[in-house]
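First the structure, in the form of structure tokens, and then the observations on it.
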Amino acid sequence: MAAILSCHHSASPANPSKFISPSIPTNRTRFSISHKQFGTRSSSPLPIKCQIQNRQQKGKSFSIKECAISIALAVGLVTGVPALEWSSNAYAANPVLPDLSVLISGPPIKDPGALLRYALPINNKAIREVQKPLEDITESLKVAGVKALDSVERNLRQASRALKQGKALIVSGLAESKKDHGVELLGKLEAGMDELQQIVEDRNRDGVAEKQKELLQYVGGVEEDMVDGFPYEVPEEYQSMPLLKGRATVDMKVKVKDNPSLTDCVFRIVLDGYNAPVTAGNFVDLVERHFYDGMEIQRADGFVVQTGDPEGPAEGFIDPSTEKTRTIPLEITVEGEKLPFYGSTLEELGLYKAQTKLPFNAFGTMAMARDEFENNSASSQIFWLLKESELTPSNSNILDGRYAVFGYVTQNEDFLADLKVGDVIESIQVVSGLENLANPSYKIAG
């Protein structure tokens, strides 16, 4: 069992308007992802809880008209409007805006846990048929009152049937070295489904979401046990760099200043080295160097939260062994490809319809900042995206395929919207997966 991490709130906020909405249509959403340059599973069944008082709910629904206004604002945000006072390289390359009908064509998967599950390098239809109806419980719970339980029961019945019929195929898909652990998780999954059935029969609506989360963690664990080693060779020119060959989980503790409602918070972040080994490896290596410890949040405008710009003239991490800024290539993996593309945006490659394995869908999507005109200029500056993902669906937004996503905030992500410039990252610590880091430079003297 992992420790329960918390976000601590003091008394009710004196000014509720200080809570920043993740929605795009607001005068706070200046899309500048850089301080000096642009931009840029945990297996624990216990959530990292937030201890809060009078917490306000974030988010709202939008009419079609509001969506259109939001998109128009987004266009202005990414085309370098002078009034935003960006530095010369502090905005995105001007993309061609897709048709409005494409941008609002439908809601993408925006749950970070689901995105991470689908991003695993596996191809086992049987486990996916268990996963999907369990995820659909979230939609079922949007129905008011106990009526939702009828839909939940149908979802559960479908998942249970899929598990019973496909169990042999699921077990056969487990990596040999992980088979015992995977079978153990399947047993817990079956028992948990029985427990959820009892919750439904007891008409205990409030107990459903927590049990669903537990079941999906078991599913995710089974799916990770299907991955047998690292699935490909990183290109030779990057093989000596720090590489995350798998996944890692980090906890980022932030001290919040001058906020009457929030004092500190711990964010859990899952880093995906399967789809971004160079990018995630670079970050984990910097974490182990304590590079981010004590660093302030440097941008927080309601659209992104960003940090990673060190003091002094350097815009990234100076490698002591070379006394030069360490940079990494743009790294993007798309569906249907065995390894990432390096050094080019999908637009430059002509892959306009390619779907990224790690899309900018979730509130708290984590990515690398870089110089607008240099794809391979990322170093240490990172950002988390705050947005309503329905307005910019995967594959049709202004960021997918242009900036390297390498992880998601999986717990306490809503509190990112409460961070502001000057809040301090007290520490970032790797809590699991450090053994997946190859070529760690932090172990080299100097």
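Residue pairs exceeding 26 angstrom between C-alpha atoms, taken from 132/164; 357/387; 188/255: 188/255.
Where does the stretch 114-177 land on the Kirkwood hydrodynamic radius, alpha-carbon pairs, in angstrom?
12.8
Accessible surface ranking for 292, 238, 1.4 angstrom probe, highest first: 238, 292. Given a 1.4 Å probe and every protein chain left where it sits, what share in percent of the accessible area of the stretch 113-227 is carbon and sulfur? Answer for the stretch 113-227: carbon and sulfur cover 49 percent of the accessible area. Pairs exceeding 24 Å between alpha-carbon atoms, taken from 353/420; 167/213; 178/213: 353/420.
Counting other Cβ atoms within 10 Å, which trypsin sites (Lys or Arg not before Pro) in the stretch 164-240 have at most 13 and lie in a DSSP loop?
203
Sequence-ordered 3J(HN,Hα) estimates for the stretch 296-306 from the Karplus curve with 6.51, -1.76 and 1.60 and θ = phi - 60° stand at 8, 5, 10, 8, 7, 10, x, 10, 9, 10, 9 Hz, glycine and proline given as x.
Computed with a 1.4 Å probe on the full set of protein chains, the accessible area for residue 255 sits at about 80 Å². Taking a straight Cα-Cα cut-off under 13 Å and skipping sequence neighbours fewer than 8 places away in the same chain, the aspartates and glutamates within cross-link reach of residue 324 are 315. Under a 5 Å amide H cut-off, with hydrogens placed 1.01 Å from N, residue 376 pairs with 330 among residues at least 5 apart or on other chains. Multiplying each eigenvalue of the alpha-carbon gyration tensor of the stretch 121-238 by 5 and taking the square root yields semi-axes of 31, 15, 11 Å, largest first, rounded to whole angstroms.
Express in % the proportion of alpha carbon pairs of the stretch 223-342 at distances exceeding 25 Å.
Above the 25 Å cut-off, the stretch 223-342 has 35 percent of its Cα pairs.
For residue 435 and residue 203, the difference between the fully extended length at 0.36 nm per residue and the C-alpha to C-alpha distance is 79.1 nm. Annotation note: trypsin sites (Lys or Arg not before Pro) in the stretch 310-346 located in DSSP loop regions with a Cβ neighbour count of at most 13 within 10 Å are 338.
Residue 236 sits with roughly 150 Å² accessible to a 1.4 Å probe, with DNA, RNA and ligands left out of the calculation. Kirkwood Rh over alpha-carbon pairs of the stretch 337-388, then Stokes-Einstein at 25 °C and 0.890 mPa s: what D in µm² s⁻¹, rounded to an integer? Taking Rh from Cα pairs, D becomes 194 µm²/s.
The values are calculated or read from the model by the stated rules, or taken from the named source; none is laboratory data. What you are looking at is a predicted structure, and each value in this text was computed from that prediction instead of being measured. FYI the Cβ positions are ideal-geometry reconstructions off the backbone, even for glycines, and counts take in every protein chain you see. Heavy atoms of the whole protein, side chains included, go into the accessibility calculation; ligands, DNA and RNA do not. Shrake-Rupley method; radii C 1.70, N 1.55, O 1.52, S 1.80 Å.
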